[in-house]
Every structure is written in structure tokens, then in C-alpha cells.
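Heads up, the thing below is written out as C-alpha cells.
Taken together, the values in this text are just the output of simple stated rules run on the coordinates, not laboratory data. Quantities reported herein were computed from a predicted structural model and do not represent experimental measurements. When we count neighbours, we look across all protein chains shown, and the Cβ atoms used for this are built from the backbone with ideal geometry, even at glycine.
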Amino acid sequence: MPTTIFSPIQLGAISLPSRIVMAPMTRNRTPGQTPNALNAAYYAQRASAGLIVTEGTTPDASGRGYIDIPGLYNQAQVKGWRAVADGVHAKGGHIFVQLMHTGRISHPDFLDGNQPVAPSAVAAPGEVYTHAGMKPYAQPRVLEADEIPDLIETYGCSAKLAMEAGLDGVEIHGANGYLPNQFLAPNANRRTDEWGGSLEKRARFLLEATDSAISAIGADRVGVRLSPGGVFNDIQDPDAESTYAFVATELAKRNLAYLHIFNTKPAFDVPALIRKHYKGTLILNGGYDRARADADVASGLADLIAFGVPFLANPDLPERLRRNAPLNEPDTASFYGGDAHGYTDYPTLAA
Ligand SMILES: Cc1cc2nc3c(=O)[nH]c(=O)nc-3n(C[C@H](O)[C@H](O)[C@H](O)COP(=O)(O)O)c2cc1C
């Protein structure tokens, strides 16, 4: 029997009944940054995933880049996340929280009037949606070298809080142009101190944030997400292949629960590059359907496959994939923000 997405797998500290992962998706339905009953209902509906990775969640108040996204840095949030974890576990599911510090992809409106922080004073082009409409990304404040270790420590603190909340682990968001990715990218990181310049120094923030979480809760409960060659949020890296070969090699030494790759289809073959340098458990994501997912798992290119939009629109996605049943159409207008509509009201097959 070939391995399929329905074959069980051991993922670090936990055993999963399938290789189907719900990809992290920001939904902007957490006013006050504390997960609420509606959020818990949304995740519980999707508990038939082998693993859920939550929406990007800030490990520190300085990392909040969008309206109504959750945090995990105080006791009220621990309580909110506990209800989410309990709801998913009651239905036999597993859930990692994605730790996302947005760095320069933010605005003082989300930061009590403070400037966003970043490796260098390079504003991202473009605009962010605030309570007062679209506003340009702000000029970031350059992080002092001696404040970076404290910021890195917030990943470990948040990981500890994740355990307190009963979540199964954490995923360090190193993808899509947020803070760790800003440190990695030469166009956003113009530093000449020990946090920038050479590839080793640009990779330090990501690797040390990962190590902070590992020291706090153990490598078998820590995953890392990367988007090699991705350009989202104005990331430019003329030698992305070397960057990600190095990062994958370094991460491979750490015995992580998994490495999660969002393949945004850049000019090079991302899965081949990563597989060459990373022999541990690998999740691939980006535009998958059942046939391609099974093919990549059967060939050993991936160990698990993450589905984003298909899971957003289909709470019972695994059952639909099993039966080759049709999928609900996603309603893009309700992706970011709003209420239960487009969130917890997508029908299941049984409905
Ligand atoms: C509404 C929405 C929100 C997203 N938010 C996040 C996020 O918080 N963190 C992240 O790493 N990726 C985020 N993504 C990217 C998805 O995790 C995924 O990589 C992308 O949707 C491609 O997978 P798919 O083709 O299966 O949808 C988001 C995508 C969507 C559609």
C-alpha cells in the first residue's frame, strides 16, 4: 500500500491520524487580541485535520500588524487559547499555534502609537488596513542590538504559555515577509552588526527564535514555517537558493517536530532544494488538491500536506477528500474580518 495523506504519522511528540494539515490563516476575528468563543467554534469545526496550525498569533504586543489578530503573551490569552485547545482535543484533533511577529508590516495604530520595529529603517511599500481605513506602512524603528535577545525570548515565553493553554506546540512564522524573514532578507536587513551582513548573521534571528522556543518546550513541539524565494511583503533575496539551503541545513540539526514550506512557486524548485538539505519531517503547502497531495506524500517529497483556502471553506475537508466529494466555494470577501458569516457557517457534507 502506498503512503497517502490518510496514513498516520508521528509528528514530534504527537501521533497524528492523517497527514492532512490545516495551514495557518489570519481571520481577524479576535477583537482585544484574546481568543473568543467564536474562534473556538471555528477551530473545533476543523478538528478532523491531522494537525491544525492556527492563524498568526503575536508573541509580543510589539508584533501586532493587523486588526483583531490574537496574541499569546498574557493570562487572559492563555485562557482564551485553552478553550480553543480543549474544543479541538474534545474532537480528537491536534493544534499548534503559529507565532507571528510582523515587524515592519504594521502601523502605530496597532502599537499604541509606537513605531513598528524592524532590523533596518526600510519601510515596506504598500498599505495596511486599519480601523481608519488603508494607511501606508510606517517607517520602522531600528532594533538596537541589545534589545534583540529580549525580543527573541518572547518566542520562548509564548511557547511556554502555549503549553499552559494545553496547545500541542508552536510554529515559528519565518515566512511571508514578517520579522524573522525581514532579518533574513538583504533588502530589509541592511545591518552591519552581528545581526546582519553575512548569511549566517541574517539567519541568526530566525534560528535563535527557534532555539528560544526549543529551550522552553522541547524541539519535538516546535515547527518552523518558511517561504523560500517568496516576495510577499517586499522581500527580495537575489540568492534565495543559498539562503534557504543554509537555513534548512541549520534547522535540520535541531530535531524539530517539522519544517513547513509554503511554496510560492519562485524561479527554483523549492521542494527539491529543501528535501536535499532537510531530512526531517516536512510539510508542503501551496495550491494542493488530493491527487497532487497523495503523489507528493507517496514519492516521499513531503511527509504531510497543508491546505489553506480549501480548509477555510470546508470544515470537513478530510472527509470530502476521502470521498472525492465536491468542495464549497470560498467567499473571499469574508476572509479577513467580520462575524460568523464566512467563518463558522460553511456547510459540511452531512448538513
Ligand atoms: C485568509 C488567509 C490568511 C492567511 N494567513 C496566514 C497566516 O496567518 N500565516 C501564514 O503563515 N500564512 C497565512 N496564509 C497563507 C496560507 O497559510 C497558505 O500558505 C496559502 O493559502 C496557500 O495554501 P492553499 O493554496 O492551500 O490555500 C493565509 C492565507 C489566507 C487565504
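Starting from segment 1-92, pick out the trypsin sites (Lys or Arg not before Pro) whose DSSP state is loop and whose Cβ has at most 13 other Cβ atoms within 10 Å.
91
How big, on average over all directions, is the shadow cast by the Cα convex hull of the chain, in nm²? Can you show the working numbers first?
Working: hull surface 64.3 nm².
Approximately 16.1 nm², given one-decimal rounding.
Summarise the long-distance tail of P(r) for segment 38-196 by giving the % of C-alpha pairs beyond 19 Å.
Looking at segment 38-196, the distances longer than 19 Å represent 55 percent of pairs.
If you only keep lysine pairs separated by 8 or more in sequence, or across chains, how many in the chain come under 23 Å at the Cα atoms?
9
State the antiparallel share, in %, of DSSP beta bridges confined to segment 74-192, rounding to the nearest 5.
40
Per residue of the chain, what 222 nm ellipticity follows from adding -39500 (n - 2.57) for every DSSP H run with n ≥ 4, rounded to the nearest 500?
On the way: 10 runs with 110 residues, N = 351.
Calculated at 222 nm, the ellipticity per residue is -9500 deg cm²/dmol.
Pull up the DSSP beta bridges for the chain and report the antiparallel fraction as a percent, rounded to 5.
The antiparallel fraction comes to roughly 20 percent.
Between segment 260-333 and segment 24-56, what is the C-alpha centre distance in whole Å?
If you average the Cα positions of each part, the centres end up 19 Å apart.
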